[in-house]
Amino acid sequence: MKGDLFKNIVQWDMQDSKGFKGKLPVFYYDNTSMTAIFTASTKKAMKYLPHRDMHPVEVFPGRCLVGFSAFEYRKTDIAPYNEFSISILISFARRPMPGITILSNMGRRCFHAYVWHLPVTTEAARYGGVELYGYPKFIADIVFTREKDYLECSLSEKGSRILTLRGRKQDTSPGRILRFKTYSMKDGIPLCANIYTNPLEFRQTMDKDAAVLELGSGHAIAEELNGIGLSKRPIVFQYIPLNEMVLFGPRNLIDD
């Protein structure tokens with residue numbers, strides 16, 4: 001039910017040395033998101049993983065998984081903003097088994113991902129993510145467009161288009177809690193943070209025509225993506241027009 005995710009979770013007020021104020025964990029009360037997962041060349045994608053213990057999760061040898069997630073946060077502890085996540089699904093320390101690891105993750109509804117790029121639309125969201133979590137955040141234009149049958153999100157920076165993700169709207173029902181363990185680097189040290197999502201309206205499909213990713217050209221991120229051998233169609237698409245989220249504070253991986 002709506003609001004259940006936040007029950008029995010203690011929040012702490014925080015302020016850093018530069019005067020930034022916030023709460024941990026961060027609550028996201030009213031959101032829309034969509035995620036499309038594509039395969040990519042393991043050899044080409046793994047060069048973007050910054051730590052030796054980060055191993056790409058593969059569907060079969062040679063093909064790993066890259067996730068593209070668009071978020072519209074309408075009510076949060078740090079005011080509304082939009083965000084776009086580009087991540088590489090990984091296993092930390094343990095080497096994954098092609099096919100088996102991702103099936104295990106899906107069964108447990110817990111996914112591990114290195115956050116490769118994480119543009120946002122407000123300075124508060126950028127600053128907190130960079131200073132506290134080591135997330136690779138930067139300010140960008142992230143625009144959602146709603147049509148009768150589709151939800152579209154375009155990502156660009158300073159007039160240069162990076163990508164557009166277009167997903168087909170789906171019939172939905174309440175989903176079960178999803179957990180994401182995000183990995184980032186701060187001052188050369190790997191950090192981990194948990195995200196819990198309560199998908200109040202949810203649909204997951206393996207229909208390869210459910211989403212389309214169009215890459216731009218010229219922007220450095222678009223060129224990176226054009227160079228990793230992404231599949232033309234997704235293997236999984238999640239449409240979540242209404243969800244709640246909790247982003248817990250970052251921790252060193254030794255504290256696990």
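The values are calculated or read from the model by the stated rules, or taken from the named source; none is laboratory data. Owing to the predicted nature of the structure, the values given are computational and were not obtained by experimental measurement. For neighbour counting, all protein chains shown are included, and Cβ atoms are generated from backbone atoms with ideal geometry for every residue, glycine included.
Miscellaneous remarks
- Among (1) part of a strand (DSSP E or B); (2) modelled with pLDDT under 95; (3) among the polar types (S, T, N, Q), the one test that SER17 misses: (1)
- Positions within region 157-171 being among the charged types (D, E, K, R), under 15 Å from THR121 (Cα atoms) and in contact with a Phe, Trp or Tyr (Cβ under 9 Å, 6 or more places away or on another chain), in sequence order: GLU157
- Only residues that are within 18 Å of ILE195 (Cβ to Cβ) and among the polar types (S, T, N, Q) were counted in region 1-43, giving 6.
- Test: residue in region 220-234 that is closer than 26 Å to ARG146 by Cβ and free of Cβ contacts under 8 Å to residues at least 12 places away in the same chain: yes
- Pairing residues of region 237-256 that are closer than 13 Å to SER69 by Cβ with residues that are surrounded by fewer than 15 Cβ atoms within 10 Å (Cβ to Cβ), at Cβ distances under 8 Å and at least 6 apart in sequence or on separate chains, gives PHE237/MET206; PHE237/ASP207.
- Taking region 101-141 as the range and being out of contact with any Asp or Glu (no Cβ under 9 Å at 6 or more places or on another chain), in a loop (DSSP other than H, G, I, E, B), surrounded by fewer than 20 Cβ atoms within 10 Å (Cβ to Cβ) and among the hydroxyl-bearing types (Ser, Thr, Tyr) as the test, only THR122 passes.
- In region 226-245, the residues that are among the charged types (D, E, K, R) and touching a strand residue (DSSP E or B) at 6+ places or on another chain (Cβ under 8 Å): ARG233, GLU244
- Among residues of region 39-54 that are under 16 Å from THR182 (Cα atoms) and crowded, with 16+ Cβ neighbours inside 10 Å, those with a Cβ under 9 angstrom from a residue that is aliphatic (A, V, I, L, M) and at pLDDT below 95, sequence gap 6+ or separate chain, pair up as MET54/ALA93.
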